[in-house]
Amino acid sequence: MGGNLPKPVYWASGVATCMAAGCIIKDFIGGKEYLGNEKLTDKVVIVTGANTGIGKEVTRAMAKRGAKVVMACRDLFKCESTRQEIVLETRNKYVYCRPCDLASQNSIREFVKIFKKEHDKLHILINNAGVMRCPKSLTADGIEMQLGVNHIGHFLLTNLLLDTLKSSAPARVVNVSSVAHSRGKINVNDLNSNEDYDSAAAYAQSKLANVLFTKELAKRLKGTGVTVNAVHPGIVDTELMRHMSFTNSFIASITIKPFFWLFLKTPKQGASTVLYTALDPSLDDITGAYFSNCKQTEESENAKDEKMAAWLWQTSAKWTKLNTT
């Protein structure tokens, strides 16, 4: 009887089977899910880039655990929409939108000023926001956009919050980096890409800067009760990829992206290692490390260069007019 089924039924069955197999593969590639159920009542958390992608999922998870979460975002309209969604879902009213444009040092300083008026504690700082492979552009302070947002902006934000983090210890800082850091090199002769700009190289440099910053900050925070670690969240399907060729080409979007989709993590999957690094009790004394798929992983050789980490710190301090010596 089954042999007499119409061809459309066979096609539909085949498509359904392929889709099911695809979902199984995607779940497997998504990696380990963080299942910790830590309670964060009265804990204060800042998440940059919190209105979408990984940042949104981290904010949701923190709110579910009862934390007071400050969403540091450039787009307040999107931030407020996400905030309302999370508050309704988690029934946690202590979720706040505050303006913070990481491409503007004045905006970062104003954010910190407002935060310190409203809160006297900070237990977890998630430096998540970022841009990837964008056309060449500059921040409000004249810094190449990827370096300026991904590294310099978070460098300034973190340093301005260090006193609050220390007084709230134990506290944690999580810097969202990328496996792309392994391809990165710090161009000491053209750090700002003034002479030559390659979007992929500039992105890799900024992600290497995240890890070097993590290493140097961990040394400086030794004995304070504040830990700092870097994370590769995986290759995640978020707005971060909007400048990639297969997302802005119609032909590529229908010929390449459907296959590439299998190997992309969802934002929730991408948030797992960030949450693990920010919350897991087994990491209370781990600092200056690099994590991927909810486990500590070895970073690149360039990321282990202590002299480069120190040089980058001093340069970053100069560009942000910070006295951190």
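The values are calculated or read from the model by the stated rules, or taken from the named source; none is laboratory data. These numbers were taken from a predicted model, which means no experiment stands behind them. Neighbour counts run over all protein chains shown; Cβ positions are idealised from the backbone, glycine included.
Evaluate region 22-34: report whether one residue or more is more than 17 Å from Pro233 (Cα to Cα), touching a Phe, Trp or Tyr at 6+ places or on another chain (Cβ under 9 Å) and modelled with pLDDT of 55 or more. Break it down into steps so the answer makes sense when it comes.
Taking region 22-34 and keeping what is more than 17 Å from Pro233 (Cα to Cα), we get 22-25.
Keeping just the survivors that are touching a Phe, Trp or Tyr at 6+ places or on another chain (Cβ under 9 Å) gives 22, 25.
If we keep only those that are modelled with pLDDT of 55 or more as well, we get none.
Checked region 22-34: no residue is more than 17 Å from Pro233 (Cα to Cα), touching a Phe, Trp or Tyr at 6+ places or on another chain (Cβ under 9 Å) and modelled with pLDDT of 55 or more.
Take region 158-188 and flag every residue that is in a helix (DSSP H, G or I) and either under 14 Å from the mean Cα position of the chain (by Cα) or closer than 15 Å to Thr227 by Cα (or both).
Of all residues in region 158-188, those in a helix (DSSP H, G or I) come to 158-167, 179-183.
Once the filter is applied, which keeps residues that are in a helix (DSSP H, G or I) and either under 14 Å from the mean Cα position of the chain (by Cα) or closer than 15 Å to Thr227 by Cα (or both), region 158-188 yields Thr158, Asn159, Leu161, Leu162, Asp163, Thr164, Leu165, Lys166, Ser167, Val179, Ala180, His181.
Please tell me if Lys68 is more than 19 Å from Asn175 (Cβ to Cβ), of a type in the set (Lys, Arg) and in contact (Cβ under 8 Å) with a residue 40 or more places away in the chain. Quick ask: steps written out before the conclusion?
On the way: more than 19 Å from Asn175 (Cβ to Cβ): yes; of a type in the set (Lys, Arg): yes; in contact (Cβ under 8 Å) with a residue 40 or more places away in the chain: yes.
Considered against the rule, which asks whether it is more than 19 Å from Asn175 (Cβ to Cβ), of a type in the set (Lys, Arg) and in contact (Cβ under 8 Å) with a residue 40 or more places away in the chain, Lys68 comes out as yes.
Filtering region 57-77 down to residues that are surrounded by 18 or more Cβ atoms within 10 Å (Cβ to Cβ) and of a type in the set (D, E, K, R), which residue is nearest to Leu40 (Cα to Cα)? Spell out how you get there, then give the answer.
Looking only at region 57-77, we keep the residues that are surrounded by 18 or more Cβ atoms within 10 Å (Cβ to Cβ), and these are 57-63, 65, 67-74.
With the extra rule that they be of a type in the set (D, E, K, R), the set shrinks to 57, 60, 65, 68, 74.
Numbers: Glu57: 16, Arg60: 13, Arg65: 5, Lys68: 8, Arg74: 26 Å.
Checked region 57-77; the qualifying residue nearest to Leu40 (Cα to Cα) is Arg65.
Scan region 107-141 for residues that are of a type in the set (D, E, K, R), in a loop (DSSP other than H, G, I, E, B) and within 28 Å of Ser167 (Cα to Cα) and jot them down.
Asp120, Lys121
I'm trying to understand the selection: among the residues of region 110-135, which are of a type in the set (Lys, Arg) and either surrounded by 22 or more Cβ atoms within 10 Å (Cβ to Cβ) or more than 21 Å from the chain's Cα centre (by Cα) (or both)?
Lys113, Lys116, Lys117, Lys121
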